[in-house]
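Single-structure report; data block below.
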Amino acid sequence: MVDLFYDHVLVKNNKDQEELDTEREVVLRLQNRILLLFFASAESDTCQQFAPTLHDFFKKLTDEFYVERSAQLALLYISLDQSEEQLENFLKELPKKSLFLAYEDPYRRELEAMFNVEELPTVVVLRPDCSILVPNAVEEIIRLGPDCYRNWHEAAELLDRNFLITEDFQGKSMRSFTDPVRRLKYKVEDEKKKKKKKKQTCTDDREAEAGANDRDEGRSLW
């Protein structure tokens, strides 16, 4: 994924618009993730209508309010706007966790040609190795919502299989990932305590029995 953005600055869609301008920062943000390249323009009514759907889709897959563990998903807005003002206004419709390319970066148009973008909006879904998973997922996102991520996750063969949407863990106790280890540890300790207690009980019984025999023998001598 880094190769695709080598020597290019990615910008965070937050208040400060922080830049990811080193290879290490880009790796940390994109490594082992499915990447959504969102090609759109504020001038397009269809893009304006789709933006809230994409915002909701991404939020439900990455916000801890909706998921136990965030999806391995990154969203990058590739602006095809006609002005920087249009770009800035459209960014307000997108999630704060998304990224974008600056308006002055000509790489926006290179990516448009690279992925043969012929209609707006277009959401190109890329595997972590930058190969195309879905040429345009707009209709799929509208039709299936967050459920389509399952298909992408499986097709991309991501290493992490721990992603859960809300429905998967509703009604289940929210244990930590170390809980099974701790439960096993406590189980072993409990068994040790039980064995020790049982052993002590047997020892006490034998000593009590021996004491009783000694008393009986003592009485028989008289």
Unique match (being touching a Cys at 6+ places or on another chain (Cβ under 8 Å) and assigned to a helix (DSSP H, G or I)) among ASP3, ASP56 = ASP3
Specify the residue that is farthest from LEU87 (Cα to Cα); the eligible residues are those in segment 20-47 that are among the charged types (D, E, K, R) and touching a Leu at 6+ places or on another chain (Cβ under 7 Å).
-> ARG33
Which of (1) among the basic types (Lys, Arg); (2) within 23 Å of the chain's Cα centre (by Cα); (3) closer than 27 Å to GLN17 by Cα; (4) at pLDDT 95 or above does ARG143 not meet, given it meets every other one?
-> (3)
Output for Cβ contacts, cut-off 8 Å, separation at least six or different chains, first residue under 12 Å from SER79 (Cβ atoms) in segment 102-114, second assigned to a helix (DSSP H, G or I), reads TYR103/GLU84; TYR103/LEU87; GLU104/GLU84
Note on segment 135-154: residues surrounded by fewer than 17 Cβ atoms within 10 Å (Cβ to Cβ) and assigned to a loop (DSSP other than H, G, I, E, B) are PRO135
Considering segment 36-72 alone, what residues qualify as being more than 22 Å from the chain's Cα centre (by Cα) and open to solvent by 50 Å² or more (accessible area, probe 1.4 Å)?
-> GLU43, ASP45, THR46, GLN48, GLN49
Can you name the residue in segment 1-35 that is free of Cβ contacts under 8 Å to residues at least 24 places away in the same chain and farther than 22 Å from PHE58 by Cα and, of all such residues, is least open to solvent (accessible area, probe 1.4 Å)?
-> THR22
Within segment 75-87, which residues are open to solvent by 10 Å² or more (accessible area, probe 1.4 Å) and not in a loop (DSSP other than H, G, I, E, B)?
-> GLU84, GLU85, GLN86
Hey, among the residues in segment 103-134 that are polar (S, T, N, Q) and part of a loop (DSSP other than H, G, I, E, B), which one's least open to solvent (accessible area, probe 1.4 Å)?
-> SER131
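The values are calculated or read from the model by the stated rules, or taken from the named source; none is laboratory data. Because the structure is a prediction, the values reported are computed rather than measured. Counting neighbours? That spans all protein chains shown, and the Cβs are built from the backbone with ideal geometry, glycine included. We work out accessible area using only protein heavy atoms, side chains counted, and drop any ligands, DNA or RNA first. Shrake-Rupley method; radii C 1.70, N 1.55, O 1.52, S 1.80 Å.
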